[in-house]
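Working notes for the structure below.
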Amino acid sequence: MTIISAKDLNLTFQTNDGPVHALKDVNLDVSKGEFVSFIGPSGCGKTTFLRCVAGLETPTGGTLTVDGMTPDEARRARAYGYVFQAAGLYPWRTIGGNIRLPLEIMGYSAAEKDRRVKETLELVDLAGFEQKYPWQLSGGMQQRASIARALSFDADILLMDEPFGALDEIVRDRLNEELLRLWARTEKTMLFVTHSIPEAVYLSTKIVVMSPRPGRISDVIDSPLPKERPLDIRDSREFIEIAHRVREGLRAGMEAA
Amino acid sequence: MSDTAPIAGQGAGVGRSGRVALFSRALAGGLAPVLTVVAALIAFWYLACIPMNAAQSVLDASRAGAVVSPESPAERRQMGGLALALGNPGIAFEGAYSQERARLPAPHQVAAELWNSTARIAPTSPRSLIYHAWVTLSATGLGFLIGTGLGILLAVGIVHSRVMDMSVMPWAIVSQTIPIIAIAPMIIVVLYSIGIQGLVPKAVISAYLSFFPVIVGMVKGLRSPDAMQLDLLATYGASKPETFWKLRLPASTPYLFASLKIGFAAALIGAIVGELPTGATAGLGARLLAGSYYGQTVQIWSALFAAAILAALCVGLIGMIERALLGRMGMRR
């Protein structure tokens with residue numbers, strides 16, 4: 001079942017230096033429950049595409065449906081959770097208070113709020129940190145809290161824009177593993193922007209390779225890797241082959257530009 | 001329970017040694033340099049008294065029959081204080097610190113006057129500085145409240161409406177380029193003509209000065225959330241009021257307190273200036289004015305210090321509220 005569908009999607013920004021073609025003729029279908037990674041150099045439109053899905057940018061051409069709705073309708077229907085590059089937790093709220101924020105806006109009852117905060121904290125392995133303030137947590141823990149915040153209202157789609165980009169590799173590896181477990185448990189549809197090839201290959205069922213100027217899709221790779229993925233799968237032959245194909249796609253895109 | 005007295009109970013001496021540690025840390029980490037600066041300022045003040053008061057010292061000495069140089073009063077009038085002090089070092093030094101109407105009263109004279117007019121007089125007496133400080137403070141407080149409220153309201157409007165941003169901000173800036181000393185009498189005259197006098201006109205002048213730092217700080221504070229934090233609320237489908245209450249307002253709190261401190265100091269100046277042109281009989285401004293009518297320099301200086309101490313206490317109080325509130329909000333500074 002297709003949950004996100006883009007047809008001939010175009011987005012042109014008008015800037016002082018003339019129009020910038022951020023997205024050109026993007027066609028993509030994402031099925032329910034898929035883990036899709038978007039990879040490419042900066043300026044390839046991967047974040048822009050995610051923001052279009054979230055209804056934070058308006059495409060200038062083509063159609064885009066999210067769960068059968070326009071992105072703006074989907075945004076108002078709270079159809080997705082969004083995780084940004086920075087954790088962006090409010091410093092004046094505790095971890096629990098931060099996770100409560102979307103629930104407050106969406107008008108959940110007090111008991112329901114408590115239950116969901118507790119549940120999502122357990123889901124991201126932060127049980128017991130509810131009363132802590134963001135500055136008392138490490139960067140990796142803060143990012144996990146921001147994932148919990150996006151999960152708390154249980155939307156079917158999770159949009160993640162380089163959520164681990166600012167973390168060191170050791171922490172990133174662990175969070176990648178946790179994210180896969182979380183995905184397996186929640187069966188959400190994941191759209192994940194990254195510029196790390198191993199991360200994209202390790203996490204995804206589908207890898208979308210993008211290239212810049214104009215931002216477009218240059219390759220879509222369906223991963224043959226099994227759903228169960230220990231970290232050392234990254235030394236396997238299949239993994240290395242997919243990574244190689246991603247690299248080739250990135251290179252071809254750069255040369256064409 | 002045994003009835004032998006414990007020689008050293010658990011935790012004995014902890015409080016004391018803790019306090020001692022705190023004291024020595026304060027001495028090393030801030031108090032010592034501060035005290036050094038204060039001592040240097042006071043020393044400079046004492047030194048400056050000698051040439052500043054030299055003319056009077058020499059005059060008094062010559063009237064008392066002492067030999068001074070130069071001998072002719074006309075010649076002395078042509079000379080600066082420093083030259084006179086250098087020509088009559090002993091006389092200038094002796095006379096510098098005890099004149100009743102010194103051009104520059106010595107620190108201990110001001111301190112004595114401060115003590116006499118606060119601690120040794122009933123606070124209700126019109127000669128008590130506490131009474132005058134209270135009169136000024138009540139106008140300051142009212143004006144500060146009006147100014148802060150107005151500043152916050154205007155800032156909220158400016159942040160949410162482009163029209164207000166374009167129309168209010170320039171006038172707010174222009175309002176502060178007019179010297180307060182020029183506009184204060186007009187405010188008082190205009191308000192008097194519609195039957196308002198006493199506390200309110202002074203408060204209006206205070207508000208006029210104190211709304212500006214609040215409006216500037218709050219506009220900055222309400223705009224301090226970055227694009228990502230605003231996008232985050234957009235993904236929740238949050239409304240404008242929700243964005244205001246849950247993000248913009250709490251994010252602006254540290255900015256508000258910075259503005260409040262500046263705003264309070266401005267409000268106090270406003271209240272004092274407001275007391276000058278009315279011929280007011282009460283308030284620190286009236287005290288300054290009366291001091292300058294009668295050449296009571298000691299009174300002027302002590303009123304100045306009373307104003308400074310008042311401002312320091314109130315700004316300190318705002319700082320304490322700030323620390324308590326931000327601490328409660330979990331915002332470590």
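Calculated mean residue ellipticity, 222 nm, the protein assembly as shown: -18500 deg cm²/dmol, from DSSP H runs (n ≥ 4) at -39500 (n - 2.57) each, averaged per residue and rounded to 500.
Specify the longest stretch of chain B that does not include any exposed loop site, a site being one of the GluC sites (Glu not before Pro) with a non-H, G, I, E, B DSSP assignment and at most 13 other Cβ atoms within 10 Å.
Working: sites that count: B:Glu71, B:Glu100.
Within chain B, the longest run free of exposed GluC sites (Glu not before Pro) spans B:101-333.
Here is the result for the range B:100-197: no chymotrypsin sites (Phe, Trp or Tyr not before Pro) lie in DSSP coil with at most 14 other C-beta atoms within 10 angstrom of their C-beta.
For chain A, modelled as a GNM whose springs connect Cα atoms under 10 angstrom apart, the maximal fluctuation among A:Glu34, A:Glu104, A:Glu199 occurs at A:Glu104. Spin-label model, A:Thr12/B:Ala312: points 7 Å from Cα along the beta carbon direction are separated by 6.6 nm.
Between the C-alpha center of the range B:257-272 and that of the range A:112-179 there is a gap of 44 Å. All C-alpha to C-alpha distances of the protein assembly as shown, sorted into 10 Å bins beginning at zero, yield P(r) values of 3, 12, 16, 16, 14, 12, 11, 8, 6, 2, 1, 0 percent in whole numbers. Residues B:His132, B:His108, A:His21 in ascending order of nearby Cβ atoms (within 10 Å, fewest first): B:His108, A:His21, B:His132.
Using a Cα-Cα cut-off of under 28 Å, which lysines could be cross-linked to A:Lys206, ignoring same-chain neighbours fewer than 8 residues away? Within reach: A:Lys7, A:Lys24, A:Lys32, A:Lys46, A:Lys188, A:Lys227.
Loop only per DSSP, at most 15 neighbouring Cβ atoms within 10 Å: give me the trypsin sites (Lys or Arg not before Pro) in the range A:10-92, ordered by residue number. Within the range A:10-92, the qualifying trypsin sites (Lys or Arg not before Pro) (loop, at most 15 other Cβ atoms within 10 Å) are A:Lys32.
Once you divide the Cα radius of gyration of chain A by 2.2 N^0.38 Å, the number left is 1.01.
For peptide B:224-237, the mean count of partner chain Cβ atoms within 10 Å of a residue's Cβ comes to 6.
Could you order peptides B:283-290, A:183-190 by the average number of other Cβ atoms within 10 Å of their residues, highest first?
Numbers: B:283-290: 23.8, A:183-190: 16.4.
Taking the mean over residues of other Cβ atoms within 10 Å, the ranking is B:283-290, A:183-190.
Each part gets one Cα centre, and for the range A:208-252 versus the range B:31-82 those centres are 87 Å apart.
Kindly put A:Ser223, B:Ser239, B:Ser252 in sequence by how many other C-beta atoms sit within 10 Å of each C-beta, fewest to most. Display every interim value, and only then the final one.
Values: A:Ser223 20, B:Ser239 11, B:Ser252 25.
Going from sparsest to densest Cβ surroundings: B:Ser239, A:Ser223, B:Ser252.
For the pair A:Met1 and A:Trp135, a Förster radius of 45 Å applied to the C-beta separation gives a FRET efficiency near 0.60, rounded to the nearest 0.05. Among B:Ile173, A:Ile217, a tally of other beta-carbon atoms within 10 Å of each Cβ gives an order, fewest to most, of B:Ile173, A:Ile217. Note on chain A: GNM, Cα springs under 10 Å; of A:Ile242, A:Ile233, A:Ile170, the largest mean-square fluctuation is that of A:Ile170. For B:Lys202, the aspartates and glutamates whose Cα falls under 12 Å of its own Cα, not counting residues fewer than eight places away in the same chain, are B:Glu275.
Where a ≥ b ≥ c are the square roots of the eigenvalues of the C-alpha gyration tensor, would you call chain B rounded, which needs a/c under 1.5, or, failing that, prolate if a/b is larger than b/c, or oblate? Oblate is the answer for chain B, as a/c is 1.5 or above yet b/c matches or exceeds a/b. Applying 1/(1 + (r/R0)^6) with r as the Cβ-Cβ distance of A:Thr60 and A:Ala252 and R0 = 22 angstrom yields a FRET efficiency of 0.25. Annotation note: trypsin sites (Lys or Arg not before Pro) in the range B:77-186 located in DSSP loop regions with a Cβ neighbour count of at most 10 within 10 Å are B:Arg120.
Using only Cα atoms, figure out Rg for the range A:166-255 and give it as a multiple of 2.2 N^0.38 Å.
Values: Rg = 13.4 Å, N = 90, 2.2 N^0.38 = 12.2 Å.
My calculation over the Cα atoms of the range A:166-255 gives 1.10.
Mind checking the mean number of beta-carbon atoms from other chains within 10 Å of the Cβ atoms in A:83-92?
Working: counts 2, 6, 1, 3, 1, 6, 2, 10, 8, 11.
Rounded to a whole number, the mean comes out at 5.
Determine the sum of side-chain charges near A:Glu178: Lys and Arg each +1, Asp and Glu each -1, restricted to other residues whose C-beta is under 11 angstrom from that of A:Glu178. Let's see the in-between values first.
Values: positive: A:Arg144, A:Arg172, A:Arg174, A:Arg181, A:Arg185; negative: A:Asp125, A:Asp173, A:Glu177.
Value of the local net charge: +2.
Averaged over peptide B:165-175, the number of partner chain Cβ atoms lying within 10 Å of each residue's Cβ comes to 0. For the pair A:Asp125 and B:Arg328, a Förster radius of 41 Å applied to the C-beta separation gives a FRET efficiency near 0.90, rounded to the nearest 0.05. Report note on the peptides A:234-240, B:253-259: ranked by the mean count of other C-beta atoms within 10 Å, highest first, their order is B:253-259, A:234-240. Using 0.36 nm per residue and subtracting the Cα-Cα separation, the extra length available between B:Met186 and B:Leu41 on full extension is 48.4 nm.
By the gyration tensor of its Cα atoms, with a ≥ b ≥ c the square roots of the eigenvalues, what is the shape of the range B:273-333: rounded for a/c under 1.5, prolate for a/b over b/c, or oblate? Show your work: numbers first, answer last.
Details: a/c = 6.11, a/b = 3.11, b/c = 1.96.
Prolate.
Eigenvalues of the alpha-carbon gyration tensor of the range A:88-154, scaled by 5 and square-rooted, set the equivalent ellipsoid semi-axes at 18, 12, 10 angstrom, largest first.
Here, each number is a calculation from the coordinates, and none is a lab measurement. Keep in mind the model is a prediction, meaning the values are calculated, not measured. When we count neighbours, we look across all protein chains shown, and the Cβ atoms used for this are built from the backbone with ideal geometry, even at glycine.
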